[in-house]
Amino acid sequence: MNSTIFLENEYSAVLPLNGLWEFKLGAGPARTIPVPSAWEAHVADKLTDGPALYRRTFTLPESWPRDATIVLEADAISFDADVRLNGEPIGRHQGIWSPFQLDITPWVRAGKNVIEIEVWKPGGRFPLRETLAGFLPDVATTFGGIWQGIRIRAFSGAALSDVRVCTRCGRLEVQGRVVRLGEERPYEIWVEVLDNADRAPARTRADLADDQTFSARLELEQVRPWTLQPDAALYFMRIDLRAHDAEIARATRRVGFRDIGVEDDRVLLNNAPLHVRGVLDWGWDAARLCPTTSRPEAFENFAKARALGFNAFKLCLFVPDETLFDAADEAGLLLWLEMPLWLPNVTPALRELALREYRDVFRRLHHHPSIAIVSLGCELNAQADADFLAALDRLAREWFPNALHCDNSGSAEAYGGVPTSLSDFYDYHFYTDPHFFRPLVRHFHRPYRAAKPWIFGEFCDADTLRDFSKLDPEPWWLTEPTALDRDDFLATRDYKARLRRANVTDGGAALTEAARKQATAVRKYILEQVRAESASGGYIVTGWVDTPITTSGIADDRRVLKFNGEEWRQFNNDRVLIMDRGRRRRWAGGDRPTYHDPHVWRAGETAEIYLALSNGGPAVEGARLGWRLMSSSGQEIAGGETVVSVAGGTLSEVAVFHARMPLSKTLIELHLTATLTDERRSEVISQNFWKLWVAPRVSLEPMSGRLVHELNDTAVARARAGESILVWLKAPDPRFSRDLPFWREAIHVFEGHPLWERVPHPGYADMRFFSVATDFALNLDRLAATLGPGTDLRPVWRRFDARQLFWSEYIVEARLGAGKLTLTTLRFAGGLGIQPDTLDTNPMGAWLLHSLLQFT
């Protein structure tokens, strides 16, 4: 590969090459294609990786100096670019994400010139896992071509290179090098900072060493810090190279002044507590295929995320063009730049590629104040060895000294990677059902390790299906050939047949509506569990938009928000009120923890409820906390007020109260609201809302004769003889059950049945079912085959798989002759994760079991 030092000079002459190019992909027809863009956005062929032949002519302007150094400059070409000028090979570059220059001075001529670029994208010739292709190939497809800007540039006299800028609150440091391209002259360098009105609050002369490197440092007392606010304070740093008062070269960077760091287990932004709340973006764009969001789209996306309480985006395994970084700087939104190293085949060539491409990307982007976190890769196994990670880490810290760093997002120990001490925070990717989340956190927590914040680099997904009736016309990824063969993708492409088999006739509209409400309930619980661990640190929720392989986006395929911002901001904000219940232990030859349902009590029981404030913002002084526990009919059961103060960046108990739960013969719903108010400003600081439930006390003994735990010949014979039997399966039965998570990738549907009069539901599954969640379900077809001909099966509680698009069952009634079998896989005694593990401690489980027996 032939490449040059990256030269820059705003006074250099520029000839843009953006526009229409002649194009031919493999054996396909010749055509024209716009540059910049990914070629897959214009051709149906998403499989062929090359060669893609780009060709155009340009005319060298007569006004350009004859002694100029002329370069071809490309912002990014994916992946392998072999350049010819006027039929002569002039150089080659590899890398999807990085800019490059090639010196074309010896080959360019006055007048008309012909440039040709042969491009190969990652695929067969250049394997995906050896090209830093990131995760986009696993979302749908990789992309190829001249996807960012390209131009011819002429330098004369001198240029600047290797410009490096570091800003902190009130300070700027800059260094770089002068490249002499002509006669020797006495140069001097000036560095200044300017505001948007072109005023210069600081200016200094830089030192120019004999090796032509320079450096300067400015102390600034009058600049405003960059903060997480729209219209964030930004400035321009300008380097001027002069000779005899003549302007020879100039380089400009837009910068912001901010500090980010960790102090023990807290994250600080400008020395104030910070809670990072981001969404995971894979760079998916069904129309463009390459990550080149426009400015209006970027600002719109940021505004939508902010409406739900988010303050960050994680660029997961991709590097967009600079438009997005500029927009984030202006919008005051944090970016997590995760470099595209995932499941790599670490060959010597990949090592060289990563070190070079990381360096070139960092050089281009390091001045952006929005880039607050940098990770070297994601879920890396031992292929990424310690020396390799250390070299990449040194590079990242050299270019981003004022950022948080992570060597392996997801952690080495969770994915069989190489343990290091390179990360500034602990990062885990816990994709799990709610009852397993807290045990996972405690499993990976080690008090003897260094105190660092926890920032979950991606987690808390919740698939919601998509309303396929709104995909009109069908997007290309549903119809055109792709190399992707993931099960979830293939199921989505087969949606018409699968929905037809599932008897879903509305394209999934009703299921999608229920799934979105369920997703809010699940995410509220898990995010509050995070806040119950720490007020600082943070998380990245998966994900930003729906993709071909998942519908866990907070926005759908059309980038329309799925959720209510007012509701989400209650649990996804700087300050979050959280609820907990009293802890107990039991004696069983020794003390053991007694897990209680987090949201359900028994009738007549005295509830002990804790309220805490997870304060990821400034200190709260003398605020008034009020809480009310109300019945759904509006009757107050408990309430109170108190004055509280909570330091910034801390988690603190703010109230404990006791409430006598009402007596009832049916399941009833209660509403707990807590509000924290700054009365001096008449401003609500934080507010949250929880649904709680009260279940009647029941005795199962009188009906125990109808309860069995195995579907065997005896149970079937009893049913055929006229009895009603409840088969509570406590373990999977390979004849007719399938292992499935209860919440993840699941949509719960409750069919019409008198059971739901005793166990009311809102039309979707919420946390009232936390303690009966199970890990296996019934396959209706196999159950029918097991029971034999003449069986009439009636689903009562169903599970629709949001990715594979098929039904499973949690409760089924089977009519057999004169009798009936009711089969269920629900865990009435709990026992998974932090579920209660006995019927005595599981009021919802006992009530649901009792209710099922009533109808058996």
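The values are calculated or read from the model by the stated rules, or taken from the named source; none is laboratory data. These numbers come from a predicted model, not from an experiment. Positions of Cβ are generated from backbone atoms using ideal geometry, with glycine treated the same way; all protein chains shown enter the neighbour counts. Side chains included, ligands, DNA and RNA excluded: accessible areas come from the protein's heavy atoms. Shrake-Rupley method; radii C 1.70, N 1.55, O 1.52, S 1.80 Å.
Structure values in brief
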| quantity | calculated |
| --- | --- |
| Solvent-accessible area, 1.4 Å probe, carbon plus sulfur percent, for the chain | 47 percent |
| HN-Hα J in Hz across segment 330-346 - Karplus 6.51, -1.76, 1.60, θ = phi - 60°, x for Gly and Pro | 6, 7, x, 10, 6, 10, 10, 8, 9, 6, x, 10, 8, 6, x, 9, 7 |
| Sites A246 and R394 - FRET efficiency at Förster radius 45 Å, r taken between beta-carbons, to 0.05 | 0.70 |
| Whole-number D in µm²/s for the chain (Stokes-Einstein; Kirkwood sum over Cα pairs; 37 °C, 0.692 mPa s) | 109 µm²/s |
| Solvent exposure of the chain as accessible area per residue, Å², 1.4 Å probe | 38 Å² |
| Label-point separation, E701 to Q222 (7 Å along Cα→Cβ), nm | 8.6 nm |
| 14 Å cut-off, amide nitrogen to a point 7 angstrom out along D792 Cα→Cβ, residues in segment 813-840 | 813-821 |
| Simple label model, 7 Å out from Cα along Cβ direction - D485 to E88, nm | 4.7 nm |
| Karplus 3J(HN,Hα) series, Hz, for segment 264-273 with 6.51 cos²θ - 1.76 cosθ + 1.60 (x for Gly, Pro) | 6, 9, 10, 9, 10, 10, 6, 6, 10, x |
| Overall form of segment 301-442 per C-alpha gyration tensor (a/c, 1.5; a/b vs b/c) | oblate |
| Pair R66, T204: separation of 7 Å Cα→Cβ label points (nm) | 4.4 nm |
| Under the Karplus curve 6.51 cos²θ - 1.76 cosθ + 1.60, θ = phi - 60°, whole-Hz ³J(HN,Hα) for segment 452-459, x wherever Gly or Pro sits | 9, x, 9, 10, 6, x, 6, 4 |
| Computed [θ] at 222 nm, helices only, for the chain once each DSSP H run of length n ≥ 4 contributes -39500 (n - 2.57) | -5000 deg cm²/dmol |
| Convex hull volume of segment 729-856 per residue (C-alpha atoms, cubic angstrom) | 106 Å³ |
| Inter-centroid distance (Cα atoms) of segment 516-595 relative to segment 797-856, Å | 25 Å |
| For segment 748-798: rounded, prolate or oblate by the Cα gyration tensor [a/c cutoff 1.5] | oblate |
| Residues of segment 106-137 with amide N under 18 Å of the 7 Å Cα→Cβ point at K24 | 114-121 |
| Efficiency of FRET from Cβ geometry, R501 and R782, R₀ 22 Å, rounded to 0.05 | 0.90 |
| Compactness index (Cα Rg / 2.2 N^0.38 Å), segment 401-551 | 1.29 |
| Extension reserve of the D162-R681 stretch, reckoned as 0.36 nm per residue once the Cα distance is removed | 181.8 nm |
| Rule-of-thumb Rg ratio for segment 469-584 [Cα; 2.2 N^0.38 Å; N residues] | 1.33 |
| Percentage relative contact order, the chain, counting C-alpha pairs under 8 Å, at least six apart | 9 percent |
| FRET efficiency, T714 to A349 (Cβ-Cβ, R0 45 Å, nearest 0.05) | 0.10 |
| Part-to-part distance (alpha-carbon centres) for segment 366-401 and segment 48-64, which is given in Å | 35 Å |
| Under 24 Å from K562, Cα to Cα: lysines that are on another chain or at least 8 residues apart | K304, K314, K470, K496, K517, K524, K691 |
| Residues with amide H under 5 Å from that of I811, placed H, sequence gap 5 or more | V796, W797 |
| Cα gyration tensor category, rounded, prolate or oblate, for segment 79-210 with a/c compared to 1.5 | oblate |
| 15 Å Cα-Cα reach of K665 towards aspartates and glutamates, excluding residues that sit fewer than 8 places from it in its own chain | E605, E757 |
| Residue-span extension gain [E10 to Q804] - 0.36 nm each, minus C-alpha spacing | 280.5 nm |
| Using alpha-carbon coordinates, inclination of helix 509-531 to the longest axis of the chain, degrees | 80 degrees |
| Cα-centred dipole magnitude for the chain, charges only on beta-carbon of K, R (+1) and D, E (-1), debye, nearest 20 | 1960 debye |
| Chain lengthening between E608 and E188 when straightened (0.36 nm per residue, less Cα-Cα) | 144.0 nm |
